[in-house]
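Peer 1: If you scroll down you'll find the structure; I have some questions about it.
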Amino acid sequence: MAESYERLLLNNREWSERKLQDDPEFFARLSRVQRPDFLWIGCSDSRVPPNEITGTTPGEIFVHRNVANMVVHTDVNLLSVLQFAIEVLEVQHIIVCGHYGCGGVDFAMGQQDLGLVNTWLRNIKEVYNLHRAELEAISDPVQRSRRMVELNVIEQARNVAKTAAVQHAWRKRALAVHGWVYGLEDGRIIDLQSTLESPEDLAPVFRLAPGRDDEL
């Protein structure tokens, strides 16, 4: 156990040295400012590292991760990240990225009692119930799971767009919310073509009237 722990520290030293060899000013430049164009809301799954699968470097993506890439309107952690990314970092794109074979999604589609985790999975079950007719028409459980992953991403992207932080930003500048799915089996990202770019992309009941304060 100690060896695996120490390996992380050794890898870090080697990585740092390689970076300095390639670009002596890399860390000095990175420490001065953070100006990413992207906010990534993804799953905590260890097999889906945002920078690696997008070929980006430190400083290019602001990241929030949780089980099954959820955007829950009572999650102060997520909402704080979202507001900071929009108002301070002024990101131009918000990406909600799920992945096929997501354990959180698969557990939410079942009836197993998982204790405290039930509270979180309840949010995913609501998505399943919303699209129950479509999902239960799919006989293959693997394909049903894959479609559920896609539908969950689409709904979470909509949840991002429903927030005051996003809608206030839309009154001032361009901001796009995207839904992506990553394939563990091939390493490819699929754009679900569900981008939201204005309040008109939401049902009228979710559009906030101008003049409201900036509280989420």
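Peer 1: Within the chain, which complete DSSP H helices have Cα atoms spanning at least 24 Å along the helix axis and a mean Kyte-Doolittle hydropathy of -1.0 or higher?
Peer 2: Details: long enough: 2-22 (30 Å, -1.53); 141-162 (31 Å, -0.67).
Qualifying helices: 141-162.
Peer 1: So for the pair ALA174, THR56, with labels modelled 7 Å out along Cα→Cβ, what separation do we get in nm?
Peer 2: 1.7
Peer 1: Is there a quick way to get the dipole size of region 160-213? I mean about its Cα centre, with the Cβ of Lys and Arg at +1 and of Asp and Glu at -1; what is the value in debye to the nearest 20? Please list the in-between numbers first.
Peer 2: On the way: 7 positive and 7 negative charges, 83 e Å.
Rounded to the nearest 20 debye, it is 400 debye.
Peer 1: In addition: So in region 95-216, what percent of DSSP beta bridges are antiparallel if you round to the nearest 5?
Peer 2: Within region 95-216, antiparallel bridges account for around 45 percent of the total.
Peer 1: Residue separation times 0.36 nm, minus the C-alpha to C-alpha distance between ALA164 and ALA2: what's the value? The partial results should precede the final answer.
Peer 2: On the way: separation 162, 0.36 × 162 = 58.32 nm, distance 4.59 nm.
My answer for the length gained is 53.7 nm.
Peer 1: Given charges of +1 on the Cβ of Lys and Arg and -1 on the Cβ of Asp and Glu, with all other atoms neutral, how large is the dipole of region 88-216 about its Cα centre, in debye to the nearest 20? Before the final figure, lay out each step's value.
Peer 2: Values: 14 positive and 18 negative charges, 52 e Å.
Taking the Cα centre of region 88-216 as origin, the dipole is about 240 debye.
Peer 1: Under a 5 Å amide H to amide H cut-off, with H placed in plane at 1.01 Å, what residues pair with SER194 once short-range neighbours are removed?
Peer 2: Residues meeting the criterion, in which the H sits 1.01 Å from N, are GLY179.
Peer 1: Determine ³J(HN,Hα), in whole Hz, for all residues of region 168-184 in sequence, where each value follows from phi through the Karplus function 6.51 cos²θ - 1.76 cosθ + 1.60 and θ = phi - 60°; x replaces Gly and Pro.
Peer 2: Coupling constants for region 168-184: 5, 5, 4, 6, 10, 7, 7, 7, 10, 10, 10, x, 10, 10, 9, x, 5 Hz.
Peer 1: So, one more: With a cut-off of 16 Å, note down the residues of region 147-189 whose backbone N falls inside the zone around a label point 7 Å from the Cα of GLU136 toward its beta carbon.
Peer 2: Residues passing the 16 Å test: 148.
Peer 1: Near the amide H of HIS99, under 5 Å away, which other amide H atoms are found, from residues 5 or more places off or on another chain, if H is placed in the peptide plane?
Peer 2: Residues meeting the criterion, in which the H sits 1.01 Å from N, are TYR182.
Peer 1: By the gyration tensor of its Cα atoms, with a ≥ b ≥ c the square roots of the eigenvalues, what is the shape of the chain: rounded for a/c under 1.5, prolate for a/b over b/c, or oblate? Mind dumping the intermediate values first?
Peer 2: Working: a/c = 1.99, a/b = 1.19, b/c = 1.67.
Cα axes put the chain in the oblate bin.
Peer 1: Read phi for every residue in region 31-47 and hand back ³J(HN,Hα) as whole Hz from Karplus 6.51 cos²θ - 1.76 cosθ + 1.60, θ = phi - 60°, with x for Gly and Pro.
Peer 2: 6, 7, 7, 10, 9, x, 8, 10, 10, 10, 10, x, 7, 6, 3, 5, 8
Peer 1: Picking from GLN143, ASN129, VAL63, whose Cα lies most toward the positive end of the charge dipole for region 1-150 (charges on Cβ: Lys, Arg +1; Asp, Glu -1)?
Peer 2: Final value for the positive-end residue is ASN129.
Peer 1: Determine which lysines satisfy two conditions relative to LYS172: a Cα distance under 29 Å, and not lying fewer than 8 residues away in the same chain.
Peer 2: Within reach: LYS162.
Peer 1: Counting heavy atoms of the protein chains only and a 1.4 Å probe, report the per residue accessible area for the chain as a whole number of Å². Each step should come with its number before you reach the end.
Peer 2: Values: 12660 Å² over 216 residues.
I get 59 Å² per residue for this part.
Peer 1: Say the dipole of the chain comes from +1 at the beta carbon of Lys and Arg and -1 at that of Asp and Glu; which of VAL88, GLY183, ILE154 then lies farthest toward its positive end?
Peer 2: Farthest towards the positive pole: VAL88.
Peer 1: Suppose each label sits 7 Å from its Cα in the direction of the beta carbon; what would the THR195-ASP37 distance come out to in nanometres?
Peer 2: Each label point is offset 7 Å from its Cα along the Cβ direction, giving 1.2 nm.
Peer 1: Measuring from centroid to centroid over Cα atoms, what is the spacing of region 92-136 and region 1-48 in Å?
Peer 2: Their Cα centres are 30 Å away from one another.
Peer 1: Mind giving me the nanometre distance, one decimal, between the label points for GLU17 and THR74, set 7 Å out from Cα along Cα→Cβ?
Peer 2: Once both label points are built, they end up 5.1 nm from each other.
Peer 1: Another question about this same structure. What longest region of the chain stays clear of GluC sites (Glu not before Pro) that DSSP places outside H, G, I, E and B and that have at most 10 other Cβ atoms within 10 Å? Walk me through the numbers on the way to the answer.
Peer 2: Details: sites that count: GLU25, GLU185, GLU215.
Within the chain, the longest run free of exposed GluC sites (Glu not before Pro) spans 26-184.
Peer 1: Report, in debye and to the nearest 20, how large the dipole of the chain comes out about its Cα centre when Lys and Arg carry +1 and Asp and Glu carry -1 on their Cβ.
Peer 2: Details: 23 positive and 31 negative charges, 73 e Å.
With Lys and Arg at +1 and Asp and Glu at -1, about 360 debye.
Peer 1: Suppose R0 equals 30 Å; then what is the FRET efficiency for ALA203 and GLU90 from their Cβ-Cβ distance, rounded to the nearest 0.05? Before the final figure, lay out each step's value.
Peer 2: Numbers: r = 27 Å, r/R0 = 0.91.
So the FRET efficiency works out to roughly 0.65.
Peer 1: Another question, then. Roughly speaking, what is the stretch gain from ASN129 to GLN112, that is 0.36 nm per residue apart minus the C-alpha to C-alpha distance, in nm to one decimal? Before the final figure, lay out the partial values.
Peer 2: Numbers: separation 17, 0.36 × 17 = 6.12 nm, distance 1.63 nm.
In short, 4.5 nm is gained.
The values are calculated or read from the model by the stated rules, or taken from the named source; none is laboratory data. These figures come from a predicted structure and were not determined experimentally. Cβ: placed from backbone, ideal geometry, glycine included. Neighbour counts: every protein chain shown. Surface accessibility is based on the protein's heavy atoms, side chains included, excluding ligands, DNA and RNA. Shrake-Rupley method; radii C 1.70, N 1.55, O 1.52, S 1.80 Å.
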